[in-house]
1. I need a count of the residues in the range 176-194 that are of a type in the set (A, V, I, L, M) and touching a Leu at 6+ places or on another chain (Cβ under 8 Å).
2. What is the one condition in (1) within 13 Å of the ligand (Cβ to nearest atom); (2) farther than 21 Å from I266 by Cβ; (3) of a type in the set (D, E); (4) touching a strand residue (DSSP E or B) at 6+ places or on another chain (Cβ under 6 Å) that D221 does not satisfy?
3. Is at least one residue of the range 99-106 assigned to a helix (DSSP H, G or I) and either assigned by TED's automatic domain parsing to the domain that holds G34 or within 26 Å of R312 (Cβ to Cβ) (or both)?
4. Look through E148, E183 and report the one residue that is of a type outside the set (A, V, I, L, M), part of a loop (DSSP other than H, G, I, E, B), more than 25 Å from H4 (Cβ to Cβ) and open to solvent by 30 Å² or more (accessible area, probe 1.4 Å).
5. Would you please name the residue that is farthest from the ligand (Cβ to nearest atom), looking only at residues in the range 229-262 that are at pLDDT 90 or above and under 20 Å from the mean Cα position of the chain (by Cα)?
6. Exactly one of (1) closer than 24 Å to L295 by Cβ; (2) open to solvent by 10 Å² or more (accessible area, probe 1.4 Å); (3) of a type in the set (A, V, I, L, M); (4) not in a strand (DSSP E or B) is unmet by A196. Its number?
7. It is to be established whether one or more residues within the range 264-282 are open to solvent by 80 Å² or more (accessible area, probe 1.4 Å), among the charged types (D, E, K, R) and under 24 Å from G202 (Cα atoms).
8. So which helices (runs of 4 or more DSSP H) are wholly in the range 235-335 and hold at least 3 residues that are in the same structural domain as A135 (by TED's automatic domain parsing)?
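The values are calculated or read from the model by the stated rules, or taken from the named source; none is laboratory data. This is a predicted model, so every value here is computed, not measured. Reconstructed Cβ throughout: ideal geometry from the backbone, glycine too, with neighbour counts over all protein chains shown. Remember, those area values only see protein heavy atoms, side chains included, never the ligands or the DNA or RNA. Shrake-Rupley method; radii C 1.70, N 1.55, O 1.52, S 1.80 Å.
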Amino acid sequence: MDSHEVQLASYPDGAVEARNFRIETAQVPELGRGQVLVRLRRLGLNAGLANRIGGPNTAYGPGIHPGDVPASDGVVEVLDSRSDLFHQGDLAVRKSPWRSIEVAAADELRRIPALGADIPLEAHLTVLGHVGFTAYTGLMRFGGVRAEDTVYISGAAGGVGSCAVQFAKAVGATVIGSAGSAEKVRLLGELGADSAFNHHDGAALDLLHGAATDGIDLCYDNVGGEQLEAALEVLRFGGRVVICGAASQYGKAGDRRGPVNYLRMIHQQLTMRGFDVTFNEDLRQDFESDATRWLRAGTIHSVHTLIDGFGRIPEAFASLLSGGNSGRMIVDCDG
Ligand SMILES: NC(=O)c1ccc[n+]([C@@H]2O[C@H](COP(=O)([O-])OP(=O)(O)OC[C@H]3O[C@@H](n4cnc5c(N)ncnc54)[C@H](OP(=O)(O)O)[C@@H]3O)[C@@H](O)[C@H]2O)c1
């Protein structure tokens, strides 16, 4: 049986490009006890993965070096099984190496419940998936979002951000989002954001001041840098900041910028809290029940950019890092 894998071919010299990867044929080993043979159907890509290229092992996964096959969350279909947990035809989500067909331990897979054909496969990588769970955990547990809050979300058109916008709206909050193009700003309007701006249109502080004339209560930060500093300036007394990510600072080891105005935290009695979603599994049932209900009711939607073809994973990843996605970047590997 033919399988293919995407390997890192070389370290990027600056921005990650598609040519830093190569596609090779892969061996599929014999199926052992407790294992399943799976086919990758949809692959979700994460900007944070670029931060691990050439880097050390972190809580998010090992450093990625030439010859390595990266992994991110994917929807897989079970082709064959030597486990009681899964049968042929079952669908599941797993941390998927960028490999078209492979053998996996059955207990690494999370079964996709039979939700019905009205729910697209991609939703399991967006509002019902890891990015959705990250947004939910950050907003609900660490941000304590409330209907009366004005929430500012940076990187709001990305995978996590587009879920955070929709979840914050679902609980009734007022939402301001930032994104990197006019098209993404339009998308934020479609998702229900009350106000949105393109962070390339001027200084972050001026843009956020203009969008949040009465200040904000909660900042959900995916980006860091100038946008985080702007948020610290406009947070009301007692405001909260949830640090989910820092996309503007990735790949800048040794030259990272923290907020120069963090003393605002003293005078405004602000709280800044980072979190790692992997330590919050106890919240998953609440997340699945709320997100499925909101999805069924049409309150939230799967927001993704779909690229066709396993062979286009390198191109899709490079495009994600240069802002070519609206919502989650997903590769359809069926073709
Ligand atoms: N804490 C956790 O447990 C956890 C879990 C998962 C992910 N994360 C983090 O959450 C963040 C969002 O993840 P994601 O999967 O949603 O990524 P994503 O879809 O790539 O979104 C990140 C967005 O950040 C923006 N961005 C990138 N570089 C930027 C720069 N230099 N300045 C300003 N904006 C920039 C881009 O949006 P524009 O093009 O619109 O500017 C990009 O779409 C990442 O930082 C990731 O590492 C954290």
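1. The qualifying residues number 2.
2. (2)
3. yes
4. Criteria check complete, one pass: E148.
5. Within the range 229-262, the match that is farthest from the ligand (Cβ to nearest atom) is V241.
6. (4)
7. Taking every residue of the range 264-282 in turn, none turns out to be open to solvent by 80 Å² or more (accessible area, probe 1.4 Å), among the charged types (D, E, K, R) and under 24 Å from G202 (Cα atoms).
8. 264-267
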